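What follows is a set of notes on a single structure, which appears directly below.
The values are calculated or read from the model by the stated rules, or taken from the named source; none is laboratory data. Model, not experiment: these values are computed from the prediction. Using ideal geometry, Cβ is built from the backbone for each residue, glycine included, and neighbour counts are taken over all protein chains shown. The accessibility values were calculated without ligands, DNA or RNA, using every heavy atom of the protein model including side chains. Shrake-Rupley method; radii C 1.70, N 1.55, O 1.52, S 1.80 Å.
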Amino acid sequence: MTNVIISFGGNQGDIFGLIDRALVEINKRVGTIVSVSPLYESEPWGFEAETNFINGVVEVETNIPANEVLCIALEIESELGRMRTGIGKGYSSRPMDLDIIDYGGEEVCSPSLVLPHPRMQLRKFVLLPLKDICPSWVHPVLDMDVEKLIDVCEDNSRIKKVRN
């Protein structure tokens, strides 16, 4: 069994309901949920939007390979209303976004998947909930624990805990 860390969030629709549905599907299709972080409200990262995001992180114990976890995550996003058009290269509002942050400390670099997530250390909306559930987690490439990653992170967006 491998522990996989998945970040989740969105800013469209009934986001709390969508998060609940995403977690149910993750537990059903990926593996057993070990822990779920508190939820955080954060400003959009990398683009402007009228609505803030609600974000969190979940740790799941699985025996499914990382590339299959990615396929399942993309299916869940789609089922919850996310449409990936492939048009443009920027970020946009979405009902649900699921990203694999870490897969058992493995380093993966393929056209479809890079692990650990290549921008997770730049995003406090990932780091803060990660610290809540995995305070001793160490980035396998940067060799920094999550506390150090938070200390050096240059993300100045406003983030506040909204639900435990």
Legend entry - trypsin sites (Lys or Arg not before Pro) lying in DSSP loop within region 38-122, provided at most 11 other Cβ fall within 10 Å: Arg84, Lys89
Inset, instruction - State the Cα centre-to-centre distance between region 50-122 and region 126-160 in whole Å. - result: 17
Legend entry - Per residue accessible area in Å² of region 15-137, where ligands, DNA and RNA are left out and the probe is 1.4 Å: 49
Inset, instruction - For an R0 of 22 angstrom, estimate the FRET efficiency from the Cβ-Cβ distance between Asn27 and Glu48 and round to the nearest 0.05. - result: 0.05
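Using a Förster distance of 45 angstrom, determine the FRET efficiency expected from the C-beta separation of Ser110 and Asn156, and round it to 0.05. It would help to have the intermediate numbers written out before the result.
On the way: r = 32 Å, r/R0 = 0.72.
Computed FRET efficiency for Ser110 and Asn156 comes out at 0.90.
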Inset, instruction - Measure off, as a whole percent, the carbon and sulfur share of the 1.4 Å-probe accessible area of region 16-115, all protein chains present. - result: 50
